[in-house]
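No lab work stands behind these numbers, since they all come straight from the coordinates. Remember, predicted model here, so these are calculated numbers, not experimental data. Positions of Cβ are backbone-derived with ideal geometry, glycine not excepted, and every protein chain shown enters the neighbour counts.
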Amino acid sequence: MLKQAVALSALMLLAGAAQAQEKTLTISVYAFAQDEYKELLYAPFEKTCGCKLVIETGNSIERLAKMEANKASPVIDMAVMSTADALQASRAGLVDKIDTAKLTNFDKLYDLARDPNADSMSVGYTFYATSIVYRTDKMKIDSWADLLKPEIAAHVAFPNITTNQGPPALYMLQQAMGKDSPDLKEAIAAVGAKKDDIVTFYVKSSQLVQLMQQEEIWAAPIGRFSWAPFTKLGLPLGWATPKEGQTGGMNVMVVTKGSKKRELALQFMDYWLSTEVQAKLAEKLVDSPANKEVKVSPDVAENITYGAETAKSLKLIPAAVALDQRDAWLKQWNSKVGQ
Amino acid sequence: MFHNRTEALLLALPAAAFAAIVFLVPVVVLLSESFRSPAGWSLAAYWTFFSEPLNQAVFWRTLKLGLQVTAVSAVIGYAAAFAIVSLPPGSKGRMVGLIMLPLMISPVARTYAWIVILGRTGIVNQALHGLGLTDAPLRILFSETAIFIGLLQLFLPLMIISLISALENLPRDVVPAARVLGANWLQIFWKVILPLTREGLVIGGTLVFTGSLTAYITPAILGGSKVLMLETLLYQRVTVANDFVSASVIALILVVMSFATNLLLKRIATARART
C-alpha cells in the first residue's frame, strides 16, 4: 500500500515536471461561447504552436483586479476586454505597447479596430452595433427618443447602466434629445422620469427573448450579437435604424506588462485576427469580424455586425469618456432611476 | 462517551481549524475592510453609505420585505403545519415531500416560471381579466410584489418544516386540556401553542428572514434593477464599481440584521413564555 502510494506520488511529480516544461500561454477572456472558441481558436492554435493555452474566464472587473494584484509577477499573459477597460488598464500601467509589426494580419483590420484608444496598447478583434429590436406590428421607431413615447415606454426593456449596452443607448438618447454633453445627465433624467412606465432595466440580454416571447415587452435596445435568438421567435420583429444612427461597442486584445510570453501572446493574437479564424467565429455567430477580408454568407451577415459601411457608421462612445464618466453616470442613474 | 474533555476537543480540532481557516478568517478580513480608512480605523464608510438616499431606501426595502415574508410565512406556516401534523403518517410523509419539492428545483428555473405566471399575458392576469376584476393587465413583474411572492414561495417550506417538527413535539393533551378549561382557539394558540412551539418559530423565522436577506437570484430576476435590494446592490458595487469597501459595508449590515432578528425572535418567544 505504502509502496504504491510512493510510486504514485513519484509519478505525479514527474508528470508535473513534464507539464512545467511545456510552453504555456495564459489568457483571460469573456466566459461566453467557450465551446466554440475551443473548437475554432484554442485547439487549432495549440496544434500549430506546440504550446498549451490556460484559459481564465470572468468579467472585466475581475480580470482587471487580478492583473492589478499580480502586477509584480503577471499570471495572465494576454487578455481581452472592452476599449474602456483597456484604457483603464493602460492608465494603470498594466499593459504593454503592442508591436503591430509582428501581427501579419494587422493591415487587414478595419480602421476603427487598429488602435481604438490611440495609445498603441490595444487591438480590436470584434465590434458590434447596438440598436433597437422592436415589434414592427405595434410601433414605428425612427429615433432613439421614440423609446420614451408614452405609448411605447410601457413596453420597453431598457439596458441597465451597468451593462455594456446601457451607456451607448443613453448616449444615443442624449443625441436624440439634441444634447451632446458626455455626462448623459439629460438622457438619464429622461429615462428616470419614465422609470415607472418602463418594464424593466435589464441586466442580461438573454432574459429579453423570454420577455419578448410572452409579449411583456415590444422593444429593447440590444447589441447585434444577441439578435439571432429573436429572429427565431416567429414574431414580427425588426432591427431599428434610427435617424441618429446606431451605436455599439468594441472588444480589444491587450498584452500584460511584464509578461514573459510576449512573443507567444502576439503569435496567438495574430492567429485570432487571421481571416480564417475570424471567418469561422463569424460563421458560428460568436464574434463579428474586425478583419475586413472576412467574407460571410448573407444569412450570417444578417445576424452579426458586418461590413465596411456598418463599421464606419457606428457612433461609439470614446473609451476615455466612458472611463472618466463611469462613476458619475452610475451615481446619476442610481439617484434618478434606481430609487 | 469520551474519557476526558481533551480527547473530545482533539477530535473536534481538525473541523474547527478548517472552519476557522477557510471561513472565519477570510470573512473577518473581508468585513474589516469596511472599517478601514486612510486615517486608520473608522466608521466613515458606514456614514457615507447611509448618507446616500438610494442606500437608505434599499436598506428599508430589504428590511421591510424580509419582515413581511417572515410574518406571512409564519401565519401560513402555522396553518399548514397544523393541518399536516393531524394527518395519518402516510399522507403526512407525502405532504412533507410535496412541500419540500420546490426546494429541489433550481432557483433560476423556479424564478423564471414566475416571470411567465406573473407577466402581462400570464395566468394571473388572464384570470383577473376573465373574472372581470381588471380592465388592463396588472404590472406585477419587476415590482416589490413580485419579489415578495418569489421569496415567500422560496422560503415558506423552511417555515412549515420547522413548525411541523415543533408541533410534533407538542404534548398531545395540552390542547384538549386548554379547551376543557374554557379557552377559545385564539387563547389556545397564543397562550399554549405559541409558547410551546417557539423554538420552531425562532428557527423557521431566522431561516426565512436570513434567506430573504441573502437571496440573490429571486430579487435579481423578479425585481431587477428597478427594485434594488441590499443583495443586488452589493453585487452592483462589486461587479460594476469594483467598490469592495461599500460592498463590505452591505455585507456586514446583512450579517448584523440576521443576528439581530434571531435575537429579537428569541426574545419575543421567551417573553411570551413567561407571561
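Tabulated data
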{"read-out": "Percent antiparallel among DSSP beta bridges (both partners in chain A, rounded to 5)", "value": "65 percent"}
{"read-out": "Rg/Rh for the protein assembly as shown, where both radii come from Cα atoms and Rh is the Kirkwood radius", "value": "1.03"}
{"read-out": "Highest-fluctuation residue, B:98, B:141, B:186 considered, GNM on chain B with Cα pairs under 10 Å", "value": "B:186"}
{"read-out": "Those aspartates and glutamates that a straight Cα-Cα span of less than 14 Å connects to residue A:66, excepting residues fewer than 8 apart in one chain", "value": "A:56, A:77, A:85"}
{"read-out": "Under 17 Å from the Cα of residue A:232 - lysines, other chains or at least 8 residues apart", "value": "A:284"}
{"read-out": "Scattering curve values for segment A:19-141, log₁₀ I(q)/I(0), Debye with Cα scatterers, q = 0.11, 0.21 Å⁻¹", "value": "-0.49, -1.43"}
{"read-out": "Entries of A:204/A:261; A:179/A:312; A:331/B:266; A:261/A:312; A:71/A:185; A:140/A:312 with Cα pairs more than 31 Å apart", "value": "A:204/A:261; A:331/B:266; A:261/A:312; A:71/A:185"}
{"read-out": "For residue A:202, distant residues with modelled amide H under 5 Å away", "value": "A:158, A:160"}
{"read-out": "Residue order, fewest to most beta carbons within 10 Å, for B:216, B:112, A:202", "value": "B:216, B:112, A:202"}
{"read-out": "Rg/Rg_ref, segment A:137-197, where Rg_ref = 2.2 N^0.38 Å and atoms are Cα", "value": "1.06"}
{"read-out": "D_trans [Stokes-Einstein, Kirkwood Rh over alpha-carbon pairs] for segment B:172-233, 25 °C, 0.890 mPa s, µm² s⁻¹", "value": "169 µm²/s"}
{"read-out": "At least 24 Å along the helix axis (C-alpha) and Kyte average at least 1.6, DSSP helices within chain B", "value": "B:144-168"}
{"read-out": "Segment A:171-233-segment B:177-218 distance, computed between alpha-carbon centres (Å)", "value": "45 Å"}
{"read-out": "Descending semi-axes in whole angstrom, ellipsoid equivalent of chain B, from the Cα gyration tensor", "value": "35, 31, 19"}
{"read-out": "Under Karplus coefficients 6.51, -1.76 and 1.60, residue-wise ³J(HN,Hα) of segment A:178-192 in Hz, glycine/proline x", "value": "x, 10, 10, 6, x, 7, 6, 4, 5, 5, 5, 5, 5, 5, x"}
{"read-out": "On Cα atoms only, tilt of A:166-176 relative to the major axis of chain A in degrees", "value": "40 degrees"}
{"read-out": "Average Cα contact separation per residue, chain B, under 8 Å, 6 or more apart, as relative contact order %", "value": "25 percent"}
{"read-out": "Sequence-distant residues sharing a close amide H with residue A:117 (under 5 Å, placed H)", "value": "A:122"}
{"read-out": "Whole-Hz ³J(HN,Hα) from phi, Karplus 6.51 cos²θ - 1.76 cosθ + 1.60, for segment A:38-50, glycine and proline x", "value": "4, 6, 9, 10, 5, 4, x, 5, 4, 5, 6, 8, x"}
{"read-out": "Semi-axes of the equivalent ellipsoid for segment B:74-176, Cα gyration tensor, largest first, Å", "value": "33, 16, 12"}
{"read-out": "Helical mean residue ellipticity (222 nm; -39500 (n - 2.57) per DSSP H run of 4+; nearest 500) of the protein assembly as shown", "value": "-16500 deg cm²/dmol"}
{"read-out": "Beta bridges by DSSP in the protein assembly as shown, antiparallel share as percent, to the nearest 5", "value": "65 percent"}
